[in-house]
Amino acid sequence: MKFKYLLLGVVLLCCLNSCKKGSQAPKPIVTIVGKWFITKQSSELYYNGAEISSFTKTNFTSVDFVEYYGDGSGYFSKYSTTGPSLTEFTYTLKNTSLTQFTGGDNTAGTPETITSLTISSLSIHAESQVPDPNNSGQIDNEIDDYTYTR
């Protein structure tokens, strides 16, 4: 009788030991492709190394977003008093270097750097030269940092 219990115990242990453990879910692929809602924009304007203006904006609506498609195209949507304003663009992406082209000109794009990219958040840093809004003929350096969420 003891032998039967011992044999039954060994069989049960073997059965329990042979059960497969649950495999881990595959990690989702982190990609820029998709719709990103802007949550914060910080801008600074410099002339000859001196800051002349800055602002931070966080009051965005559900129509303030950018959408990237896998084929290298996308569009910006921005709130305006007459409704959403849409701008189409194309883009190239190499590592963290993102270049966006608007207006059908695929030769002169806006270079940007992806400073952070996760499944649910995206941060982009951009520097460009822009005409000064108050001084004709003056060129300023503009630095923009954008934060997005899905």
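Worth pointing out:
- Residues satisfying the stated conditions in region 73-98, i.e. part of a strand (DSSP E or B), under 13 Å from the mean Cα position of the chain (by Cα) and either loosely packed, with under 14 Cβ neighbours inside 10 Å or among the polar types (S, T, N, Q) (or both): 97
- Taking the conditions (1) open to solvent by 70 Å² or more (accessible area, probe 1.4 Å); (2) of a type in the set (S, T, N, Q); (3) at pLDDT 85 or above; (4) farther than 23 Å from residue 114 by Cα in turn, residue 59 satisfies each one other than (4).
- Within region 41-60, the set of residues being among the hydrophobic types (A, V, I, L, M, F, W, C) and under 23 Å from residue 149 (Cα atoms) comprises 55, 60.
Here is a yes/no grid of residues against (1) among the small types (Gly, Ala, Ser); (2) within 14 Å of the chain's Cα centre (by Cα); (3) within 18 Å of residue 29 (Cα to Cα); (4) surrounded by 15 or more Cβ atoms within 10 Å (Cβ to Cβ):
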| site | (1), (2), (3), (4) |
| --- | --- |
| 110 | no, no, no, yes |
| 128 | yes, no, no, no |
| 146 | no, yes, no, yes |
| 150 | no, yes, yes, no |
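- Note on region 110-143: residues that are in a strand (DSSP E or B) and touching a Pro at 6+ places or on another chain (Cβ under 9 Å) amount to 5.
- Verdict on residue 70 being modelled with pLDDT of 90 or more, open to solvent by less than 30 Å² (accessible area, probe 1.4 Å) and not aromatic (Phe, Trp, Tyr): no
- Test for residue 17: is it at pLDDT 90 or above and open to solvent by 80 Å² or more (accessible area, probe 1.4 Å): no
The values are calculated or read from the model by the stated rules, or taken from the named source; none is laboratory data. Being a predicted model, the structure only gives us computed values, none of them experimental. Glycine gets a Cβ as well: all are built from the backbone with ideal geometry, and neighbour counts include every protein chain shown. Note: areas computed on protein heavy atoms with side chains; ligands, DNA, RNA excluded. Shrake-Rupley method; radii C 1.70, N 1.55, O 1.52, S 1.80 Å.
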